[in-house]
Structures are given as structure tokens and as C-alpha cells.
Amino acid sequence: MDSGATTGGRSRNSLEEVRERADRAGADGQEMEHLHEVALSRAQDGRLPAESRKQWAKLSLRINTRMHGDGPWDRARMTAHNGRLRTMVIEELGPDPDDADWDPAAVVSDIVSAATLTPPQARDLSVRWQERPIEQIGLLRRAKNVTAPLERLQHHLRPGPLHDLALEWLSVRKHLP
């Protein structure tokens with residue numbers, strides 16, 4: 001991941017190069033994982049300008065979405081990762097209500113939609129969760145993983161139904177496996 005290596009005057013891991021390689025990688029999981037790590041590390045690099053970090057973060061989101069399958073665990077991992085990355089950008093670079101990727105309300109909406117349960121459903125299932133079938137325990141774990149960024153995002157929300165829903169999820173998460 002040497003960002004200084006060049007090919008033809010361009011960094012081997014320039015934004016354009018990584019984007020092109022991701023487009024060509026197709027189903028090559030190992031290559032996609034490597035490219036995802038490159039994009040994520042650049043998005044987190046505080047030495048880069050904010051706009052560059054946002055571009056790297058968008059690429060990381062795109063690659064992460066392509067890397068995962070359609071199964072419930074894959075979708076939950078993708079959503080959890082994207083939620084954490086979007087939250088990091090919002091916290092470090094500031095929210096941007098004109099860009100859904102960096103708009104706290106849009107991120108929270110995406111997170112609660114991906115939870116596949118409502119807070120009351122999760123609360124009801126969490127009672128004696130150890131006695132539940134493994135599929136229900138998995139559903140509760142996925143809801144807990146997906147909703148993790150709400151703790152950090154709730155402070156960016158205006159008072160209202162979405163903020164109340166985030167708080168409700170935060171109270172339920174404590175009881176999830």
C-alpha cells in the first residue's frame with residue numbers, strides 16, 4: 001500500500017487508479033478487499049484535504065457495497081461498515097445536508113431501515129434471547145451491529161421523530177446480544 005509508488009507519473013494507488021481497478025476487479029474478492037482497504041485508509045488519513053478524504057470515502061462505500069452478497073449477514077456487515085465510515089466523515093469533516101452520504105439524518109434513516117426490526121420488536125425478542133432459535137439471535141445481533149453508529153450520530157440530529165427513534169434504538173441496544 002505504498003502511496004508513493006508510481007506508474008507512468010501517477011501514484012499506483014491514486015484515486016483514479018483505485019477506482020479503475022475496482023471497476024475491473026469484478027468478483028475478485030481478494031482484489032476488492034485490497035482496494036477497499038486502500039480507499040478506507042485514505043479516507044481516514046487526516047493529512048489529506050477534506051475533499052480528498054470524502055472522495056476516498058465515497059469510493060470505499062462503493063467498493064464495500066460491491067464486495068458483499070445479498071445474504072442477511074453480508075448486508076448487515078456492509079451496512080454496519082458504511083454506517084461507521086459515514087459517521088466518521090460526519091464527525092471529522094462535518095455534516096453536509098446537501099450530500100446524503102454525509103447528512104446525519106440520511107445516515108440514521110439508512111441505519112434504522114437496515115435494522116429490519118423496529119425497536120419494540122427487538123425489545124420483545126431480546127427477552128430471554130438465550131432461549132430463542134439461532135435465526136432470531138442472529139437477527140438481534142445484526143440489528144445491534146447495524147445500529148452501533150447511532151450513539152455518535154444522535155447528537156447531530158434535530159429534535160423530532162428521527163431523533164426519538166435513534167434514542168429508542170439506543171435504549172434497546174443495551175439489551176441485545
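The values are calculated or read from the model by the stated rules, or taken from the named source; none is laboratory data. Just so you know, these numbers come straight off a predicted model, no measurement behind them. Quick reminder, even Gly has a Cβ in these numbers, built from the backbone with ideal geometry, and neighbours come from all protein chains shown. Heads up: the accessible areas ignore ligands, DNA and RNA and are worked out on the full protein's heavy atoms, side chains in. Shrake-Rupley method; radii C 1.70, N 1.55, O 1.52, S 1.80 Å.
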Exercise for the section: Give a residue-ordered list of calculated ³J(HN,Hα) values for the range 93-105 (Karplus: 6.51 cos²θ - 1.76 cosθ + 1.60, θ = phi - 60°; whole Hz; x for Gly, Pro). Expected result: 10, x, x, 9, x, 8, 10, 4, 5, 10, 8, x, 5
Handout entry: Rel. contact order, % - alpha carbon contacts under 8 angstrom, at least six apart, the chain
Key = 16
Exercise for the section: Can you tell me the dipole magnitude for the range 30-126 around its Cα centre, using point charges on the Cβ only (Lys, Arg +1; Asp, Glu -1), in Debye to the nearest 20? Expected result: 160
Exercise for the section: Report VAL112's accessible area, 1.4 Å probe, all protein chains in place, as a number in Å² to the nearest 10. Expected result: 30
Exercise for the section: Please report, in debye to the nearest 20, how large the charge dipole of the chain is about its Cα centre when each Lys and Arg carries +1 at its beta carbon and each Asp and Glu carries -1 there. Expected result: 420
Fill in the blank from the handout: Heavy-atom accessible area with a 1.4 angstrom probe orders HIS36, HIS155, HIS175, HIS68, most exposed first, as HIS155, HIS175, HIS68, HIS36
Fill in the blank from the handout: Expressed in µm² per second, the diffusion coefficient of the chain from the Stokes-Einstein equation, with Rh the Kirkwood radius over alpha carbon pairs, at 37 °C and 0.692 mPa s, is 188
Exercise for the section: Could you work out the equivalent-ellipsoid semi-axes for the range 17-91, taking the square root of 5 times each eigenvalue of the Cα gyration tensor, largest first, in whole Å? Expected result: 20, 16, 8
Exercise for the section: In a Gaussian network model over the chain where Cα atoms closer than 10 Å are linked, find which of GLN44, GLN30, GLN136 has the largest mean-square fluctuation. Expected result: GLN30
Practice task
Rank LEU139, LEU59, LEU48 by mean-square fluctuation in a GNM of the chain with C-alpha springs under 10 angstrom and give only the top-ranked residue.
Solution key: LEU48
Practice task
Roll a 1.4 Å probe over the protein heavy atoms and report the accessible area of TRP73 in Å², nearest 10.
Solution key: 110
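Hey, what number do you get for the chain at 222 nm if only DSSP H runs of n ≥ 4 count, each worth -39500 (n - 2.57), divided across all residues, to the nearest 500?
It comes out at -20500 deg cm²/dmol, rounded to the nearest 500.
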Fill in the blank from the handout: Rounded to the nearest 10 degrees, the helix 161-173 long axis (Cα) sits at an angle to the longest Cα principal axis of the chain of 80
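Suppose every Lys and Arg Cβ carries +1 and every Asp and Glu Cβ carries -1, with no other charges. What dipole size does the range 110-151 come out with about its Cα centre, to the nearest 20 debye? Don't skip to the end; give the middle numbers.
Values: 6 positive and 5 negative charges, 25 e Å.
Rounded to the nearest 20 debye, it is 120 debye.
Determine by what factor the alpha-carbon radius of gyration of the range 106-155 differs from 2.2 N^0.38 Å, reporting the quotient. Show your work: numbers first, answer last.
Details: Rg = 11.5 Å, N = 50, 2.2 N^0.38 = 9.7 Å.
For the range 106-155, the normalised Cα radius of gyration comes out at 1.18.
Rounded to the nearest 0.05, what FRET efficiency is calculated for ASP98 and GLN30 with R0 set to 41 Å and r the Cβ-Cβ distance? Present the calculation step by step, with values, prior to reporting the outcome.
Values: r = 36 Å, r/R0 = 0.88.
Calculated value: 0.70.
Mind ranking GLU16, GLU168 by accessible surface for me, highest first, 1.4 Å probe?
Descending order: GLU16, GLU168.
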Completion exercise
Placing +1 on each Lys and Arg Cβ and -1 on each Asp and Glu Cβ in the chain, then taking the dipole about the Cα centre, the residue among ALA105, LEU162, TRP129 whose Cα reaches farthest towards the positive end is TRP129
